[in-house]
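Read through the structure below, which is laid out as C-alpha cells, and then see the notes.
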Amino acid sequence: RGETGLEAAAQEIIHAGGRALPVPVDMADFRQVAQAAQRIERELGPIDVWVNVAFSSVFAEFRTIAPEEFRRVTEVTYLGFVHGTRAALDVMLPRDRGVIVQTGSALAKRGIPLQSAYCGAKHAIQGFYESLRCELLHQGTGVRMTMVHLPAVNTPQFDWLLSRLPRRAQPVPPIYQPELAA
C-alpha cells in the first residue's frame, strides 16, 4: 500500500530473520511487474511462490463512479493479476516448477451493492484463473496455480480506498482478522 507499507513489511521480515526486497510496482503496468520479477530473481534467487493480491476499489453506487475510476480499479485488480501471473509464468515455466496463488474474494462468487468495480474485477479473475489453470493442466507443467477466496477480512483497505459513502466502509460481517487468512 505504497512505499511506506512496503518498507514496514520489509522491516518485519528482516526483524524475523529473513531477507526482504521491497520493490514498488504499479501492477497495472506489465513492464514494471516483469522487471520486478527479474530483479527479485537476480537478487533473491528463483521465485517459488507468487501471490497475486493487488487490488483497488471505489465504494460507491455505479453511476457515481467515473469511467476513469472504474478503469483504474479494473487495471489494478484484474490486469494486475494477469500481469503478475504472466511475470511469474515467465520465470517458473522454464524451470517447470512454482506455485501461483490468486487471492480471490467471496465477492468473485456473489456481487454486492456499492462495489461494482471490485466485484466485476474479481469475477473476471475467477474466469481467468479457471481458463489458465486448465491450460496448465493440459500442458502437464510442474507449475501449479491455486485460488483462495477470502471472506471479509479486517484490513486497512477501508482506510485507503476511495469511498463516496456517508459513513466509513467496513467488510460485510462476519469479519475475520488477517492472521487467520494468512
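We did not get these values from a lab; they are worked out from the coordinates using the rules stated. Worth saying up front: this structure is predicted, and the values here are computed from it rather than measured. FYI the Cβ positions are ideal-geometry reconstructions off the backbone, even for glycines, and counts take in every protein chain you see.
How many residues does region 71-105 contain that are of a type in the set (S, T, N, Q) and in contact with a Lys or Arg (Cβ under 6 Å, 6 or more places away or on another chain)? Steps first, answer last, please.
Of region 71-105, the ones of a type in the set (S, T, N, Q) are 74, 77, 85, 102-103, 105.
Filter again for in contact with a Lys or Arg (Cβ under 6 Å, 6 or more places away or on another chain), leaving 105.
Qualifying residue count for the region: 1.
Scan region 112-135 residue by residue and report those that are part of a helix (DSSP H, G or I), surrounded by 17 or more Cβ atoms within 10 Å (Cβ to Cβ) and out of contact with any helix residue (DSSP H, G or I) (no Cβ under 6 Å at 6 or more places or on another chain).
Residues satisfying the conditions are Y118, G120, F128, Y129, L132.
Tally up the residues in region 140-177 that are within 18 Å of the chain's Cα centre (by Cα), under 21 Å from V58 (Cα atoms) and not small (G, A, S), please.
14
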